[in-house]
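Just below is one structure, and these are the notes that go with it.
The values are calculated or read from the model by the stated rules, or taken from the named source; none is laboratory data. The model shown is predicted, which means the values in this text are computed figures rather than measured ones. Note: ideal-geometry Cβ built from the backbone for every residue, glycine included; neighbour counts use all protein chains shown. Note: accessible area is taken over every heavy atom of the protein model, side chains too, but ligands, DNA and RNA are not part of it. Shrake-Rupley method; radii C 1.70, N 1.55, O 1.52, S 1.80 Å.
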Amino acid sequence: MAAAGEGEAERVSALLREITGEGGFAFVASAEKAGAGDLRAAEAAREMAWEQLHSGPWSEVGTAWRDAYALACLNVARLRTHAASGGDSDRSAALRALDMGLIMGGNLLRADLEAALARISAEACGGSEGGEGVVDKENQRWREALDRNRDIADALKILPANSLSCKKVERRSCISLEEFICNYFLRDTPVIISGTIDHWPARTKWKDIEYLKKIAGDRTVPVEVGKNYVCSEWKQELITFSQFLDRMSSTVCPSNLTYLAQHPLFEQIKELSEDIIVPEYCYAGGGALQSLNAWFGPEGTVTPLHHDPHHNILAQVLGRKYIRLYPAFIAEDLYPHTETMLSNTSQVDLDNIDLKEFPRVENLEFIDCILEEGDLLYIPPKWWHYVRSLSTSFSVSFWWRAAVQPSGGS
């Protein structure tokens, strides 16, 4: 891997001066030794920065220490790729260090981390492991998992009570941006739009599990483990994308469900971003894209009833999802959590409603749908929604903030 360039060296020098000013003398000393080729010092610096990232609430972690962690990860990766062994273990360690820098680090050295990842990827040999028969069987299992619960009767057995019995989300095909703005965006009304993403490379490429492993298999990603984020047994882990794909096909217990949820995967793994396109509907109201996130998981993953602050186009790339929506104005009848961190989430578990504790929920009107492969769902800001995967499912959410705000109403 190439040595640091002049521009990076200037940024690093300024960063080390800032860390020195914050009393991080030991980190600076280790970082300087790492710059001279000391792998142990690089790993010590990474550990020191990691401790700083976990010294208090994430919102209170200073930008300088996040940048320091990215620097330490960059140094570890460079020295790992220069290690005498130079084997697969060093390559894997370098990739993990760079991914951790992207996930947890600041923005100062983000371009340098991405360039380092691109160099390692370019140097890696392609090809998949295992015989042709093994690959064929794996792809067959993958496609079967994507095709589960096609029968409505089967789906209803695992859905909340009264699902698909009330008003459905309106479904339209290939509507124009003008029609979307006039009839749905300005009226603050959800809509399913079909037939607009069939040309995405992801619609075919992501059905090949070997393609996903080749592009992203060795990359480290954050995943959620457990029924959902409000359950006590819920936790987060960092695993490789290949490990995640393997878990998706092997997990049957709800407490061990593994979900790659609301992660900016396409910023982290640029090759996957080339397989999707931002829908034109996201420019409604002079829109500015706020975030683009991946939601990948097996059958049975649940996002509990909650609302989001931005306009949202949810693209169902592979598989199927059930989605239930409640309008923003009935928020109080959905019993939001009182804690600040969960104030956008309902206390009501739609899969097991306690009507004694939450009586107002019983007769609330909602709209719902099954989102099929190739569908887009528009969810206006503050609309409450519950989501359950009916099969292995890959979705992408596009959040945007509009300069022109909808007037509301229907």
(message) Restricting to the stretch 354-392, count the residues that are farther than 13 Å from Leu334 by Cβ and part of a strand (DSSP E or B).
(response) 12
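Residues are listed down the side, and each one gets a yes or a no for (1) over 24 Å from the mean Cα position of the chain (by Cα); (2) within 23 Å of Ala118 (Cβ to Cβ):
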position	(1), (2)
Val12	yes, yes
Leu16	yes, no
Gly21	yes, no
Ala42	yes, yes
Arg46	yes, yes
Trp50	no, no
Asp67	no, yes
Ala70	no, yes
Leu74	no, yes
(message) Criterion first (without any contact (Cβ under 8 Å) to a residue 60 or more places away in the chain and of a type in the set (Phe, Trp, Tyr)) does Tyr335 satisfy it?
(response) yes
(request) Go over the candidates Ala49, Ala14 one by one and state the one that is small (Gly, Ala, Ser) and open to solvent by less than 40 Å² (accessible area, probe 1.4 Å). (result) Ala49
(request) Please verify whether the stretch 59-79 includes one or more residues that are closer than 29 Å to Ala216 by Cα, surrounded by fewer than 17 Cβ atoms within 10 Å (Cβ to Cβ) and outside the structural domain of Gln236 (by the TED database). (result) yes
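Being out of contact with any strand residue (DSSP E or B) (no Cβ under 7 Å at 6 or more places or on another chain) and in a loop (DSSP other than H, G, I, E, B) is the filter; apply it to the stretch 258-283 and report the residue that is surrounded by the most Cβ atoms within 10 Å (Cβ to Cβ).
Ile269
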(request) Using the structure shown, decide if Asp351 is acidic (Asp, Glu), out of contact with any Gly (no Cβ under 8 Å at 6 or more places or on another chain), part of a strand (DSSP E or B) and in contact (Cβ under 8 Å) with a residue 24 or more places away in the chain. (result) no
(message) Name the residue that is nearest to Thr240 (Cα to Cα), counting only residues in the stretch 91-105 that are more than 18 Å from the chain's Cα centre (by Cα) and open to solvent by 10 Å² or more (accessible area, probe 1.4 Å).
(response) Ser92
(request) Just one of (1) out of contact with any Lys or Arg (no Cβ under 7 Å at 6 or more places or on another chain); (2) outside the structural domain of His311 (by the TED database) trips up Cys182, so point out which. (result) (2)
(message) Just the residues that are over 21 Å from Phe185 (Cβ atoms) and under 13 Å from the mean Cα position of the chain (by Cα), please, taken from the stretch 266-302.
(response) Phe266, Glu267, Gln268, Ile269, Leu272, Ser273, Ala294, Trp295, Phe296, Gly297
(message) From the list Val361, Val404, exactly one residue is of a type outside the set (Phe, Trp, Tyr) and either crowded, with 20+ Cβ neighbours inside 10 Å or within 21 Å of the chain's Cα centre (by Cα) (or both). Which is it?
(response) Val361
